1. Using the structure shown, decide if D95 is charged (D, E, K, R) and within 23 Å of V160 (Cα to Cα).
2. Quick check: anything in region 67-80 under 24 Å from G145 (Cα atoms), in a helix (DSSP H, G or I) and touching an Asp or Glu at 6+ places or on another chain (Cβ under 7 Å)?
3. Give the residue, chosen from P136, P125, P192, that is surrounded by fewer than 24 Cβ atoms within 10 Å (Cβ to Cβ) and either of a type in the set (K, R) or assigned to a helix (DSSP H, G or I) (or both).
4. If only one of A213, A257 is within 8 Å of the ligand (Cβ to nearest atom), in the same structural domain as T312 (by TED's automatic domain parsing) and either touching a residue at least 60 places away in the same chain (Cβ under 8 Å) or of a type in the set (A, V, I, L, M, F, W, C) (or both), which one is it?
5. Restricting to region 218-251, give me the number of residues that are out of contact with any strand residue (DSSP E or B) (no Cβ under 8 Å at 6 or more places or on another chain), more than 8 Å from the ligand (Cβ to nearest atom) and without any contact (Cβ under 8 Å) to a residue 24 or more places away in the chain.
6. Please indicate, with yes or no, whether at least one residue in region 164-185 is assigned by TED's automatic domain parsing to the domain that holds V272, within 17 Å of E260 (Cα to Cα), surrounded by fewer than 20 Cβ atoms within 10 Å (Cβ to Cβ) and within 14 Å of the ligand (Cβ to nearest atom).
7. What single numbered condition from (1) of a type outside the set (S, T, Y); (2) under 24 Å from the mean Cα position of the chain (by Cα); (3) closer than 26 Å to E147 by Cβ; (4) surrounded by 20 or more Cβ atoms within 10 Å (Cβ to Cβ) fails to hold for V244?
8. Could you tell me which numbered condition I208 fails, if it satisfies all but one of (1) more than 7 Å from the ligand (Cβ to nearest atom); (2) more than 24 Å from R270 (Cβ to Cβ); (3) without any contact (Cβ under 8 Å) to a residue 24 or more places away in the chain; (4) not aromatic (F, W, Y)?
Amino acid sequence: MSGIVMPCITDHLVLRTIDGATDLLIEELRAMASIHSIRQASVDTVECTLDGSLDELAACALYSTIAVRDPEKSLQFGVLGTLPQPVRFRVGVDDPQRRRTVIGATEQRFGWVNRPGDWDVNLVPSGDGWIAEFGPLSWTRRFGGVERLPWSTNLVVAEVLVRLAKIRAGQRVVDPFCGTGTILHAVRRQHPTAHLLGLDHDPRALRIAADNALPLARGTADALPLAPGSVDRVVANLPFGKQVGSHRANRTLYPAALNEIARVLTADGRAVFLTEDKRLLHSTIERQNGLKLVRQRLLKYNGATPTAYILTRTRLARTTVAR
Ligand SMILES: C[S@@+](CC[C@H](N)C(=O)[O-])C[C@H]1O[C@@H](n2cnc3c(N)ncnc32)[C@H](O)[C@@H]1O
């Protein structure tokens, strides 16, 4: 947001998140004094009005993009009016003919300049019209880009997993499948006092996570270098699907990793796992005496449909750890 003046503005905004996270986003918006008239518009979008500065919205990590419904009004009273003039824009459609038509019409109507590689506004079709995505509030421009791998966790998904973990100040949080560290980054952003540790068996992923300045250990999730009852929260995107590992490998890995997590969790510990290898995780939890499933949440984004599972200790395991 550097270089942008933040006056008080009024605007009608469309926030894009993921299917399965709108309730969490709405909860955060309700706590903001500058946001009103909040409503879920579709499975992955929330609409609201802004009356005030953009600061509260800019600090929320549960949406990927913000768009304005009415660019003309927004230029006068809203977020588009905060942009340097002439506005640099792109048109987010694949069809080249349609794109050219919209570029020409926009240049003529608003005097904006088409800069597909360096834009502040992205015009995208929505319903029977167009909405204008406001570049300075896109996720990576707000929180910075980090190096990632193709299987790195979706940035908004990482935020959701961290909220489900209900982390408290100063707690020890471990991601035993940390990869490039996306989830631990989200923990650090939301809970700066948490003590973090990431593990992964892939040195390439760990190199990237180290560049992202996270405390790390090389290790396998089935032999955690951690003392019994020493970890408050485990949050992880487990290997699943075609890009990382295989269902066959998971049949051994999931039971071994869950045994280790049951060993290292504190008595009131909590674990959050994301996977699409759902049946396997369910049957592994059923056979694991130390952990029980307390809630689950289906997430849908970019063709993926994983579920986030929230686990705590069974009562028996709780008393054994407490002793
Ligand atoms: C879905 S990815 C996690 C992505 C990560 N959250 C990120 O944002 O980059 C699963 C990770 O598990 C790691 N992994 C697979 N088997 C493992 C094992 N036995 N022990 C530790 N890590 C393992 C992979 O190297 C991969 O980085």
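1. No, not satisfied.
2. Yes, region 67-80 has at least one match.
3. Testing whether each residue is surrounded by fewer than 24 Cβ atoms within 10 Å (Cβ to Cβ) and either of a type in the set (K, R) or assigned to a helix (DSSP H, G or I) (or both) leaves just P136.
4. Details: A213 fails: within 8 Å of the ligand (Cβ to nearest atom).
Exactly one residue qualifies, and that residue is A257.
5. The total comes to 3.
6. Looking through region 164-185, none of the residues is assigned by TED's automatic domain parsing to the domain that holds V272, within 17 Å of E260 (Cα to Cα), surrounded by fewer than 20 Cβ atoms within 10 Å (Cβ to Cβ) and within 14 Å of the ligand (Cβ to nearest atom).
7. (4)
8. Looking at each condition in turn, I208 falls short on (3).
The values are calculated or read from the model by the stated rules, or taken from the named source; none is laboratory data. The structure displayed is predicted, hence computed values, not measured ones. Every residue, glycine among them, receives a Cβ derived from its backbone with ideal geometry; neighbour counts consider all protein chains shown.
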